[in-house]
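Report on the structure given below.
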Amino acid sequence: MTNAMDQMKQMMNMNSVLYTRMLNSWMIGMGSMSWTQDQSSFYVKSVMDRMQLATSENVKALEGAFLQMKESQLQLYNIIMESIGAATTDAEMPSLDYLTSWNKLINDMAAKAVSSFSDLSSTAAQTASDLSAGVTKI
């Protein structure tokens, strides 16, 4: 019986050792998961910080580019205005009297065309009536 008791105690000790080792393995696994979670959190935080820094640097770079573009556009506008001003200073612009005389000449020609058309239509009407009268006389 002592032999059976000894075997039982030995089995219990072995179970206790196995249980302790299993708990130790489980604790090591949990610690490893905790460490992995901490490292992941640290990595995500560092990536987010770098992205925020990159975003603010990109915004500054874009603001600088837009300022440069605005200055270039203003310079181009000034160059174009100076070119137009230089081109138009030597150009001869017709005076208002010159345009008025052209307008009067066009109106006179239009009036003559209308009166010629009226004369032509009355002459055509007279000729048509003479012809119809001549046809009846024949």
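Every number in this text was worked out from the coordinates using simple rules, so none of it is lab data. Small disclaimer: the values here were computed from a predicted structure and weren't measured. Counting neighbours? That spans all protein chains shown, and the Cβs are built from the backbone with ideal geometry, glycine included.
Descriptive notes on the structure:
- Here the label points at residue 49 and residue 79, each 7 Å from Cα along the C-beta direction, are separated by 4.7 nm in the simple model.
- Per-residue extension of 0.36 nm, minus the Cα-Cα distance of residue 123 and residue 37, leaves a gain of 19.9 nm for this segment.
- Over all other residues within a Cβ to Cβ distance under 12 Å of residue 77, the charged ones net out to -1, with Lys and Arg as +1 and Asp and Glu as -1.
- Distance between the pseudo-spin-label points of residue 12 and residue 61 (7 Å out from Cα toward the beta carbon): 7.3 nm.
- Under 29 Å of direct C-alpha separation, and excluding same-chain neighbours fewer than eight residues apart, residue 45 reaches these lysines: 60.
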